[in-house]
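FYI, it's all coordinate maths here, none of it is from the lab. The model shown is predicted, which means the values in this text are computed figures rather than measured ones. Note that we place each Cβ from the backbone using ideal geometry, even for glycine, and neighbour counts take in every protein chain shown.
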Amino acid sequence: MKNKILYDSLVSFAQAACKLLTKSTGGSIPSSPQEILTIEDTGFSVDSVQRLDFHILVTHFREQLTKMPETAKVINLILNDVAFVKPKISDSKGNPVKNPDYSPFVFLEFLALLLRYFENTNSLDFDSETFNSLYNDYENYFYTKKVRYKVYVPLSNFEMEVERLQLTSEIEIRKASYQEINHAYRFGEFPLGSKSLPYETIPNCKFVMAAEYDSDKPIPNLQQCLEEYLWILRVFKEGGFGYGLAYQIPISYPPSSYTPLFLLENPVINDY
């Protein structure tokens with residue numbers, strides 16, 4: 001443990017959050033239908049099950065959680081820590097914001113820690129063993145000078161017989177993991193007309209273009225790579241295939257319910 005004061009403050013925050021949510025709800029946690037994605041060789045299937053939804057709960061009581069004195073203490077500790085890396089904040093025109101308020105960004109990061117805790121325990125009771133394990137992940141992420149990121153683009157309607165194709169020293173096309181397909185499905189951003197497909201239908205998406213990089217390096221340009229290597233991809237798949245969103249996730253500390261992502265330009269390839 002690198003920072004006992006931060007640990008104690010986050011424990012106090014988590015315990016206070018558990019008490020606030022238990023008192024406000026009477027211990028009744030909302031549930032919602034959630035989809036279970038099953039990936040098979042012949043395609044995909046989706047089943048709907050009723051599960052506890054802590055994201056709805058935390059979102060509903062977010063203002064009360066923000067106003068807790070324990071929240072303010074954690075925010076101040078993080079903002080005044082030399083390890084805190086200030087995010088670059090721009091206005092709608094892309095100009096840097098002068099003297100921005102970093103508090104909401106800090107709050108979202110340790111709110112994700114709280115959500116991960118709830119999703120691991122399925123309870124509003126405080127369990128120190130579970131919290132300690134999650135805190136270690138958070139602290140390692142916070143005090144790591146270089147954060148390792150994964151960025152990937154799901155490729156819809158793309159096929160190839162090999163499982164991995166290295167395009168550059170950084171960028172590859174490989175078989176998609178369950179988590180990657182699941183994320184893309186939940187965000188509903190498959191291209192090639194998938195919006196008009198039945199709700200239970202998932203377009204063919206078995207591969208992703210992906211790269212890993214450190215936070216002190218530029219993000220690998222996946223779109224440029226797609227455009228430059230289009231002729232190679234045609235060897236594996238004739239006809240149309242497409243891509244939409246690129247997902248960017250810290251590998252060392254993946255957020256629970258907050259998945260940073262960004263749009264690519266010209267998101268769909270329709271080249272026959």
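Over segment 4-142, the hull volume per residue, using the convex hull of the C-alpha atoms, is 170 Å³.
Residue separation of Tyr178 and Gln224 scaled by 0.36 nm, minus their Cα-Cα distance, works out to 14.0 nm of gained length. Taking each residue as 0.36 nm, the span from Val82 to Ala16 lengthens on full extension beyond its C-alpha to C-alpha distance by 21.1 nm.
With the simple spin-label model, which puts each label point 7 Å out from Cα in the Cβ direction, the Asp127 to Gln34 separation comes to 1.4 nm.
Suppose R0 equals 22 Å. What FRET efficiency, 1/(1 + (r/R0)^6) with r the Cβ-Cβ distance, do Asn95 and Lys217 give to the nearest 0.05? Numbers along the way, then the final one.
On the way: r = 24 Å, r/R0 = 1.10.
FRET efficiency, Asn95 to Lys217: 0.35.
Backbone phi angles across segment 220-225, fed through the Karplus curve with coefficients 6.51, -1.76 and 1.60 (θ = phi - 60°), yield HN-Hα couplings of x, 7, 5, 5, 4, 5 Hz in residue order; Gly and Pro are listed as x. For the pair Thr25 and Glu119, the difference between a 0.36 nm per residue extended length and the Cα-Cα distance amounts to 32.1 nm.
For a test of understanding, tell me how many lysine pairs in segment 4-142 have Cα atoms under 20 Å apart, given they are 8 or more places apart or on different chains.
On the way: Lys4/Lys73; Lys19/Lys67; Lys19/Lys73; Lys23/Lys67; Lys73/Lys86; Lys86/Lys98; Lys88/Lys98.
Number of lysine pairs found: 7.
Computing FRET efficiency as 1/(1 + (r/R0)^6) for Tyr143 and Glu163, where r is the C-beta to C-beta distance and R0 is 30 Å, gives about 0.25. Spin-label model, Ile56 to Gln248: label points 7 Å out along the Cα-to-beta-carbon direction sit 3.2 nm apart.
Label-to-label distance for Met68 and Met1 is 1.8 nm, based on points extended 7 Å past Cα in the beta-carbon direction.
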